[in-house]
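Quick note: the coordinates plus some simple rules give every number you see, no bench work behind them. From a predicted model like this one, the values you see are computed outputs, not experimental measurements. No Cβ is skipped: glycine too gets one built from the backbone with ideal geometry, and neighbour counts run over all protein chains shown.
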Amino acid sequence: MKSGVLLFAVNNSQIDYVKQAIYCAKKIKEHLNLPVALATESSSYVKDSFPFYKKYIDSIIELKKNLSTYQTRKFFDGAYTEKILLWKNHTRPDCYDISPFDETLVIDVDFIVCNNDLLNCFELNEDFLIYKDPIDIFKEREFQPFNRVSDKSINLRWATAFYFKKSKMTEAYFNLIKHIKENWSFYKLIYQIPGSLYRNDFAFSIAIHILNGFQSNDWPKVLPGNMYVSTDKDILYEIKDNKLFFVIEASPPGNFLGVTMSNSNVHVMNKFSLNRMIDIEFKNE
């Protein structure tokens, strides 16, 4: 197939990423009208739990389980609730190998598409496009930690959404990401990344830095449109058509306000509140 969207969804004990993927695919069909492939560790779970999935998912790719790559991290559900859960984000570097499309848009399942801006990436003569400089849904809030890999390191590119065309250049790029993942202890030291967590955002950014000769350059170009970001301490309160309503804590702590995003593509980091809203959305499926 010429062009389409690839989603990855691997559940942990409390977050249903498959549910998010099917809702994400629903929004993709609504605004982009592209075929959607879902990569997951359990196709039977998709089929048994979501009998309507074929309305939005065109094909399922079965991923192999690799317990050695699972990590644990802290997940927030608003500012005052946190949980330590498994984080299974090891498969993203394989997207070049498993994508059934010649031109692929890869999107995190918690990235809610509410316009058709991303269709423009298929009209550009570029092998690879990725987001940088996300926009906070609450513009008065400081967003600096999300702009760099670390304080003294390189600029951050966001693997939340990216486009690639199969070519020698992009094949080399994804092979380099695999190498970085396999040698993460070395690269996190070289790029002064605190902690031990492997993140796709970091690996993608490091690979770009290496391919640009260890300096800033204009490759790759940025995906069309804006990527808005809510933190995991924000709560998605309601979804209504193409409007997302959030409750966020403002300064000083204990003060809360509402934020409405209309017709905007938003990365919803609070997975728990997103799942709650999807349950409401799927009641009539």
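Structure above, values below:
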item	result
Considering only the chain, percent of DSSP beta bridges that pair antiparallel, nearest 5	60
Separation of the Ala172 and Glu285 label points, Cα + 7 Å toward Cβ, nm	4.1
Restraint check, Lys54/Lys166; Lys181/Lys221; Lys29/Lys243; Lys26/Lys243; Lys88/Lys181; Lys19/Lys74, Cα-Cα greater than 19 Å	Lys54/Lys166; Lys181/Lys221; Lys19/Lys74
Relative contact order, percent, the range 3-284 [alpha-carbon distance under 8 Å, six or more residues apart]	21
Share of pairwise Cα separations in the range 156-285, more than 22 Å, in percent	54
MRE, 222 nm, helices only [DSSP H, n ≥ 4, -39500 (n - 2.57), over the chain, to nearest 500]	-7500 deg cm²/dmol
Lys221-Ser13 pseudo-label distance in nm [points 7 Å out on the Cα-to-Cβ vector]	4.7
The range 178-219 and the range 90-168: distance between their alpha carbon centers, rounded to Å	16
The range 44-147: chymotrypsin sites (Phe, Trp or Tyr not before Pro) in DSSP coil with no more than 12 other Cβ atoms inside 10 Å	Phe52, Tyr80
Peptide ranges 262-275, 241-254 listed from the most packed, as the mean C-beta count within 10 angstrom indicates	262-275, 241-254
For the chain: rounded, prolate or oblate by the Cα gyration tensor [a/c cutoff 1.5]	rounded
Fewest-first ranking of Cys121, Cys114, Cys24, using other Cβ atoms within 10 Å as the exposure measure	Cys114, Cys121, Cys24
Arg199, Arg73 arranged by Cβ crowding within 10 Å, fewest neighbours leading	Arg73, Arg199
Gained length - Tyr45 relative to Phe186, 0.36 nm times residue gap less alpha-carbon distance	47.1 nm
